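Remarks on the structure that follows.
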2 protein chains.
Amino acid sequence: MNQTPDPTKSDATIGIDVGGTGVRAVAVLADGQRAGKVHRAPLKSRERSEVLGRIVDVVAQATAEVSGTVAGIGVGLPAFLELPEGIVRLAPNLPELNGWKAAEELETALRCPVAVENDANAAAFGEHWLGVGAGRDPFLLLTLGTGVGGGIVLNGEVLHGRRGMAAELGHITVYPDGAPCGCGARGCLEAHASATAIVRMFMEETARMEEAAFREVYGPREDVTAQALAELAARGDTPAFTAFARAGTALGIAVGTLVHVFDPAAVALGGNVAAAWDLLFPSLWEELLARASLSLRDGFALLPASLGSDAGAVGAAGLAWRRVQTA
Amino acid sequence: MNQTPDPTKSDATIGIDVGGTGVRAVAVLADGQRAGKVHRAPLKSRERSEVLGRIVDVVAQATAEVSGTVAGIGVGLPAFLELPEGIVRLAPNLPELNGWKAAEELETALRCPVAVENDANAAAFGEHWLGVGAGRDPFLLLTLGTGVGGGIVLNGEVLHGRRGMAAELGHITVYPDGAPCGCGARGCLEAHASATAIVRMFMEETARMEEAAFREVYGPREDVTAQALAELAARGDTPAFTAFARAGTALGIAVGTLVHVFDPAAVALGGNVAAAWDLLFPSLWEELLARASLSLRDGFALLPASLGSDAGAVGAAGLAWRRVQTA
């Protein structure tokens, strides 16, 4: 794809994924091969200067592994972005970034063309480029973590909508009178299928247990995590199993709607919670079949994401290539 | 857009809208001006030969009004289509068309390039080209009639999905345990906001009335239509008003989901039921604000469609231009 004058050297882009607690970077060649390992740096604070400083650090580390030149840099941010300007409109977990002219300041700091993107969109682009979404279009990714994010790839491009705020798939309504969501509405997918929601549903399922009995089986309530519940559910714990099954049903309702809206080639589940695929899949698929059986014929695929926690950085590198190649 | 060698003559495309009971056609110039009036022909049967025959009739009538040549023909069909082949996969209201190689047979019969499209998609394209969606992208149209259809225009193109079955917006889930839908699922938008659903909800609202009292006020139950209920509601009839308000709430849930998924510039309501805009809007907007207020800022528009029952034919003519110009 990219012209490399010296065949012994390979140009690369560097993809960055900025999370609430740290940043990671990886250099990727135009053909998708990684040019080095994933470099990580924790955030010591949530200041803009700290975020920018750690990005500069991991870019330097990743650059050292590139034999050719760095053609561009892609940055996935946990934020609503105004596009094409690349301004952070709202970063719920890194509020210091609100209003940040990210694209402009990063280009100045890194002296390189920079593509900024919402992190879930970058992950969807990464999975479509080099992961489970390859060759599948339309491709939708749901990222199940503390919240629920989403990314949509249509005709090989990230769907941005009017202002870059499309694919907020965590805020699809699944139960109109359901649980309150952080966004202010009720019954959003995020309120029924995130790690937070799974813990809440587990607490509902165990509400009748006496406190002493609960602590004996599960330990202190405040220490319960979705990850611990996944292990319990896999070992047969009924309340934990039911919490995941309820999340699967909510996902089935949302995926049914998405199937009718996009007629997608594939929908993938990523994020930490999706590691519990075997716990989510049965109720998800049952619900989806009941809602969209006709549309599932002839090759639709529901799949676990395949790039794990690198999807965002890899996708950001791919978006940097896209930017360089179409400039 | 199109080169016209003789400036006194103007080439046109002809757009056809095939409904369950008749076909209509209109000739449209490349700049969107109509080259003649809308020609209609009722269907005497639902045979394929009758549908094809009436299409040929109205095309001949529309062609007679074109001063230049007919550059192409677009046909909107009330069907799921396999694209790009242009084969009718399923036509719920014209089952004789199932399996019809529509694009191929229409090109043979009309001796002209033919673009086939789902009717609601054609209407969305028409509204985006010449109606309420002009200059608004992404643009979504919900068509509220006996059922609920939808069309989505993204970057100026109809969203088709993997096999042409995208934008089945009537089958977005609004109430997971809601009313049974013709598709086999429960709680689809169509089961809560179509003309059929409005009549059903009115019957629920009047379920406690004695039969004699009901007939005195509303006439025979089997004669109640959504159109009659709209008139009653506008005059202050509470059960009729409530039926429309409930439909508006269901629409608000669905539009909220669509706003989070697409970040659209506009969502429009078309079809016969949308004529009752004033009855639907208050509860729709209230629900939408509760679900997606952040996403509604800075210029989102919820609007009534503006091309009325011509949207499908006009859109089909536009799609024929698109096909000719990109061929």
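The values are calculated or read from the model by the stated rules, or taken from the named source; none is laboratory data. Model, not experiment: these values are computed from the prediction. No Cβ is skipped: glycine too gets one built from the backbone with ideal geometry, and neighbour counts run over all protein chains shown. We work out accessible area using only protein heavy atoms, side chains counted, and drop any ligands, DNA or RNA first. Shrake-Rupley method; radii C 1.70, N 1.55, O 1.52, S 1.80 Å.
Some points to look at:
- Placing a label point 7 Å from the Cα of A:Val217 along the Cα-to-Cβ direction, the residues of segment A:184-207 with a backbone N closer than 18 Å are A:198-207.
- For B:Glu50, net neighbour charge (Lys/Arg +1, Asp/Glu -1) across residues whose Cβ lies under 13 Å away: +1
- For segment B:62-178: rounded, prolate or oblate by the Cα gyration tensor [a/c cutoff 1.5]: oblate
- Solvent-accessible area per residue for segment B:160-213 (1.4 angstrom probe, square angstrom): 40 Å²
- Surface listing: B:Asp278, B:Asp11, B:Asp57 arranged by accessible area from highest to lowest gives B:Asp278, B:Asp57, B:Asp11, probe 1.4 Å.
- With Cα atoms defining each centre, segment A:249-296 and segment A:154-202 are spaced 14 Å apart in the structure.
- Using alpha-carbon coordinates, inclination of helix B:48-63 to the longest axis of chain B, degrees: 60 degrees
- Taken residue by residue and averaged, Cβ atoms of other chains lying within 10 Å of the Cβ of B:167-180 number 5.
- Ranking by accessible area, most exposed first, for A:Glu117, A:Glu85, B:Glu82, A:Glu168 with a 1.4 Å probe: A:Glu85, B:Glu82, A:Glu168, A:Glu117
- Taking every residue in B:292-305 and counting other chain Cβ atoms within 10 Å of its Cβ, the average works out to 3.
- Global form of the protein assembly as shown, assessed from the alpha-carbon gyration tensor, a/c cut-off 1.5: oblate
- Across A:Lys9/A:Lys37; B:Lys9/B:Lys37; A:Lys44/A:Lys101; A:Lys9/A:Lys44, pairs whose alpha-carbon gap is larger than 27 Å: A:Lys9/A:Lys44
- Between the Cα long axis of helix B:277-292 and the first principal axis of chain B there is an angle of about 80°, rounded to the nearest 10.
- Classification of segment B:18-116 by its C-alpha gyration tensor yields a prolate form. The axis ratio a/c (a ≥ b ≥ c) is 1.5 or more, and a/b outweighs b/c.
- Secondary-structure-derived ellipticity at 222 nm for chain B, considering helices only, amounts to -12000 deg cm²/dmol, per-run term -39500 (n - 2.57) for DSSP H runs with n ≥ 4.
- Only Cα pairs under 8 Å and 6+ residues apart enter the sum, and on that basis the relative contact order of segment B:137-292 stands at 27 percent.
- Comparing A:Gly32, A:Gly15, A:Leu94 along the charge dipole axis of segment A:5-127, the residue lying farthest to the positive side is A:Leu94, per the Cβ-charge model.
- Within-15-Å neighbourhood charge of A:Ala25 [Cβ basis; K, R +1; D, E -1]: -1
- Share of carbon and sulfur in the accessible heavy-atom surface of segment A:1-157 [1.4 Å probe, %]: 49 percent
- Amide H contacts of B:Ala71: B:Ala12, B:Thr13, each under 5 Å away and 5 or more positions distant or on a separate chain (H built 1.01 Å from N in the peptide plane; Pro and chain starts excluded).
- For B:260-269, mean number of other protein chain Cβ atoms within 10 Å: 6
- For the pair A and B, the buried accessible area comes to roughly 3300 Å² in total, with a 1.4 Å probe and the value rounded to the nearest 100.
- Tilt relative to chain A, helix A:195-205 - C-alpha long axis, 0 to 90 degrees, to 10: 0 degrees
- For A:Asp298, neighbours were defined as the other residues whose beta-carbon sits under 9 Å from its Cβ, and their charges (Lys and Arg +1, Asp and Glu -1) total +3.
- Taking every protein chain into account, the accessible area of segment A:1-137 amounts to 44 square angstrom per residue (probe 1.4 Å).
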